[in-house]
Every structure is written in structure tokens, then in C-alpha cells.
Amino acid sequence: MARDFPHPKPPENQLALLRLVGGREGITVREAADVLLMQPTNVSTLVSQLVEAGLLTRAQDDQDRRVAHLHVTDEARARIEGADAAMGDVLAEGLRRVDPAQADAVLRALPALAALLDALG
């Protein structure tokens, strides 16, 4: 369960950045800011925090030294996977607690929700 996850939950903005970089390895700070609808300076601050925590790395662009490409570390990837598994456990438990017809409706809606997320991302 989520209560058993061994790491403190990062703030939502850090988690959003980690998930974005995990899905788009090599994204730049400016690109991440555009996707997350944040100011580049705020994303840069988050990047510094996550680099210090050992969850992100920055690689300088070969063509433009002002540009950094972001990558999640193995530790970040493991934490994201662990958090996803814990959330899956919570959701599965919730589905077991609701009326079976409601649970079935939620499960049938998942492909449409996934398509929506893809369209937004």
C-alpha cells in the first residue's frame, strides 16, 4: 500500500517534472516549462533540487552550452515505479470497495482516459 512506500512523497511539481523527464528523456528546461505551464526559472529551481537529491541529471547541449538536457536517474526511475505500484494498490483496493457495477464502469472507461492523457501529453 502507499503507506508502505519507503520514500517521502515529493511535492507535486517535482513529481510532475520527474514523470515528464522519465517519459521524454533529454527534454530541456524550456521544453519542460512549456509542457508543465511553468516559468523556466521555476523549472530550473526544481531541476537543481532534483539534481541535488540524485533524481535528475543535467547534460549540457553540444551545440549550445546554455541548454541542458534532463535525464532521470536509476534511483528516480525506481521511485517512480514504486510510487506507481503503490498507487495501483490503492486504486485496486478502492475498486474492491465499490459496487461491482461501478468498478466495472471505471475499468471500461480506462482506455478512453488513457487516450485523453495521451492527447494532452
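Miscellaneous remarks
- The trypsin sites (Lys or Arg not before Pro) of region 30-111 that DSSP puts in a loop, and whose beta carbon has at most 16 other beta carbons within 10 Å, are 65, 66.
- Kirkwood hydrodynamic radius computed over region 7-54 comes to 10.7 Å, based on all pairs of distinct alpha carbons.
- Calculated log₁₀ intensity ratio I(q)/I(0) where the Debye formula runs over C-alpha points of region 19-121, q = 0.14, 0.18, 0.21, 0.23 Å⁻¹: -0.70, -0.94, -1.10, -1.20
- Over the chain, dividing the summed -39,500 (n - 2.57) contributions of all DSSP H runs of at least 4 residues by the number of residues returns a 222 nm mean residue ellipticity of -21500 deg cm²/dmol.
- By accessible area, using a 1.4 Å probe on protein heavy atoms only, the chain has 56% of its surface on carbon and sulfur.
- Within a Gaussian network of the chain (alpha carbon springs, distance under 10 Å), most fluctuating of 43, 72, 106: 106
- The residues of the chain expose on average 68 square angstrom of accessible surface per residue, using a 1.4 Å probe on protein heavy atoms.
The values are calculated or read from the model by the stated rules, or taken from the named source; none is laboratory data. Bear in mind that the values here come from a model prediction, so they are computed numbers and not experimental data. FYI the Cβ positions are ideal-geometry reconstructions off the backbone, even for glycines, and counts take in every protein chain you see. All accessible areas refer to the heavy atoms of the entire protein, side chains included, with ligands and DNA or RNA removed. Shrake-Rupley method; radii C 1.70, N 1.55, O 1.52, S 1.80 Å.
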